[in-house]
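Read the structure below first, then the notes.
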Amino acid sequence: MRSDSKIYVAGHNGLVGSAIFRSLRAGGYTNIITRKSRELDLTRQTEVEAFFEKEQPEYVFLAAAKVGGILANSTYKAEFIYQNLMIASNVIHAAYRYRTKKLLNLGSSCIYPKLAPQPMKEEHLLTGTLEPTNEPYAIAKIAAIKLCRYYNEQYGTNFISGMPTNLYGPKDNFDLRDSHVLPAMIRKFHEAKQKGTRGEDNAAENSSLITDHASGSSEVELWGTGSPFREFLYVDDLADACVFLMERYDYQQVGELINIGTGKDITIKDLALMIRDIVGFRGEIAWDSTKPDGTPKKLLDISRIRNLGWEPKTSLEAGIRKTYEWYLKAVNSDE
């Protein structure tokens, strides 16, 4: 990419898209185009086609998606599969029609089978059944990978797919009704620290349960047993990887998809203890084992991208501290 190449970041206001936008700006790219969702509905083909016909982007980062945690995935199954299928289909097809030079499609590690060998390699795709709690989202993301592959094979396009592990960072979703585990924990522990009483979001099924005890200490209830292992990648590291791939590598070199992660995982219980300490909550943690744990272990094999010369830079503890600092600023600005 040249510094003045026309680059479209789809989903620039979200967790991933905003990080890619920051990374491009820091890299000296000056011709970045964006649209808010109220300006361009990516689920509507006519709007997407008109946008591509007018703007003719040379490079596209497809970071727009409907995302959420276990509760949201289980509750809004039709929305998750429909919206993500439509977004991917419309953007990828328009990129082909209007001769985009290169497109990077962002997927998710949930594309791999629930009981895939660990760490999960790119070739494990479609070798087993998916985790039921996020199957609709996973199917849509798998379809996007295959769209990119088959457009490349039939039309000679240069569309690549990156599969990040669990992400977190600035502009994450902290709404307890549909957030992922890490930002949800940050909010729960923060509210427990601030109030020491039951959180305001108790109407939500996965809201924080914060109860006072006679001793004056408090307790936060979290879903599951805490035993599953998860890998977490700071979103600015993902953005760095995306720009790295877009600048240097084509479909022929990357292959059908490429994993992007840290190569390290942690139990949910240990993650909770780390976040509790960073936030400064001094109470206890109660685990509700009646709630689902999800996939027992999800660790990506990142040897393929490592062999290309990329490495993550941000440790989990440092990334959580940065994320909590951003959250505190966001909370204070809303007050």
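The values are calculated or read from the model by the stated rules, or taken from the named source; none is laboratory data. Bear in mind the structure is a predicted one, so any value in this text is a computation, not a measurement. For neighbour counting, all protein chains shown are included, and Cβ atoms are generated from backbone atoms with ideal geometry for every residue, glycine included.
Restricting attention to the stretch 262-311, the residues being over 22 Å from the mean Cα position of the chain (by Cα) and of a type in the set (Asp, Glu) number 3. Tell me, which residue of the stretch 62-76 that is buried (at least 22 other Cβ atoms within 10 Å of the Cβ) and in contact with a helix residue (DSSP H, G or I) (Cβ under 7 Å, 6 or more places away or on another chain) is modelled with the lowest pLDDT? Result: 69. For the stretch 69-88, a residue qualifies if it is more than 13 Å from residue 110 (Cβ to Cβ) and assigned to a loop (DSSP other than H, G, I, E, B), and exactly one does: 76.
In the set 123, 79, only one residue is surrounded by fewer than 19 Cβ atoms within 10 Å (Cβ to Cβ) and closer than 21 Å to residue 260 by Cβ; that residue is 123.
Residue 104: buried (at least 20 other Cβ atoms within 10 Å of the Cβ), modelled with pLDDT of 95 or more, touching a Cys at 6+ places or on another chain (Cβ under 8 Å) and within 17 Å of residue 254 (Cβ to Cβ), yes or no? So residue 104 passes the test. For the stretch 38-60, residues that are farther than 14 Å from residue 8 by Cβ and assigned to a loop (DSSP other than H, G, I, E, B) total 4. Just give me the residues in the stretch 255-280 being assigned to a strand (DSSP E or B) and either in contact (Cβ under 8 Å) with a residue 60 or more places away in the chain or touching a Ser or Thr at 6+ places or on another chain (Cβ under 8 Å) (or both), in sequence order. Passing the criteria: 258, 259, 260, 267.
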